[in-house]
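Report on one structure; see the data block that follows.
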Amino acid sequence: MDLSNFRFPKNIQKLGSYVPAPLANAPLMLLLELARQRALLVAPESLYGKSFRIRVEDLGLSLCFYCEAGKFKPLSSLPQPDVSLSASAMDFLKLATGQEDADTLFFRRRLKMEGDTELGIAVKYWLDASERPAWLARFGQRFMHAGEGV
């Protein structure tokens, strides 16, 4: 079974909207902090003082945070972030593991950006330039193709 186009069902999306912001943000904040500590994601100064929203559409989650001196800090809500990125959980996983780049997802209309376009492009270049550990790429490939041949 190829999971590359998987979408969570609508009822999951409804449930996700009830998850409290601190609980929803915790896994992302943990991953960003670990990546920062291991120098995998070093935020450029152009991100300092900026606010972000990541909407995982098929999970009904809206993750809000800001960058303060290179560290990412959670926010419980954000009426108007500087930039907002929206996609499905699988598309964000593809982006994180390097299986797809932001341009490809954007032009396929699978990644949506709102807000400060210049900041969004800076984030895109930053993510594209960030080196991913080999294990992350291997995980993404295995996960996306889990169950093939079964």
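The values are calculated or read from the model by the stated rules, or taken from the named source; none is laboratory data. In this text, all values refer to a predicted model and were calculated from it rather than measured experimentally. Here Cβ is always computed from backbone atoms with ideal geometry, including for glycine, and neighbour counts include all displayed protein chains. In case anyone asks, the SASA skips ligands and DNA or RNA and just uses the protein heavy atoms, side chains included. Shrake-Rupley method; radii C 1.70, N 1.55, O 1.52, S 1.80 Å.
I'd like the accessible area for Asp116: 1.4 Å probe, protein heavy atoms, all chains in place, Å² to the nearest 10.
Ignoring ligands and nucleic acids, Asp116 comes out at about 60 Å².
Here are labelled values, (i) 61, 35, 34; (ii) 48, 35, 29; (iii) 40, 38, 28, and one is the computed Cα extents along the principal axes in Å for what I pasted. Which one?
(ii)
To the nearest 10 square angstrom, what accessible area does Glu118 show with a 1.4 Å probe?
150
Let me know the shape class of the range 64-143, please: from the alpha-carbon gyration tensor, a ≥ b ≥ c as square roots of the eigenvalues, rounded when a/c is under 1.5, otherwise prolate if a/b is greater than b/c, or oblate.
prolate
How much length is gained if the chain between Arg132 and Ser17 is pulled fully straight, taking 0.36 nm per residue apart and subtracting their Cα-Cα distance, in nm to one decimal?
38.4 nm
If you roll a 1.4 Å probe over the chain with all protein chains in place, what percent of the accessible area is carbon or sulfur?
59
Per DSSP H run of at least 4 residues, take -39500 (n - 2.57); add these up for the chain, divide by its residues and hand me the 222 nm value, nearest 500 deg cm²/dmol.
Value at 222 nm, helices only, nearest 500: -12500 deg cm²/dmol.
Over the heavy atoms of Ile54, what accessible area does a 1.4 Å probe trace out, to the nearest 10 Å²?
30
Assign unit charges at the C-beta atoms only (+1 for Lys and Arg, -1 for Asp and Glu), then state the dipole size of the chain relative to its Cα centre in Debye, rounded to the nearest 20.
380
At 0.36 nm per residue, minus the direct Cα-Cα distance, what do Ala26 and Ser77 gain on full extension? Give it in nm, one decimal, please.
Extra length available between Ala26 and Ser77 comes to 17.0 nm.
Sort Leu59, Leu119, Leu34 from largest to smallest accessible area, using a 1.4 Å probe on the heavy atoms of the protein chains.
Descending order: Leu34, Leu59, Leu119.
To the nearest 0.05, what FRET efficiency results for Arg38 and His145 with a Förster distance of 41 Å applied to their C-beta separation?
Computed FRET efficiency for Arg38 and His145: 0.95.
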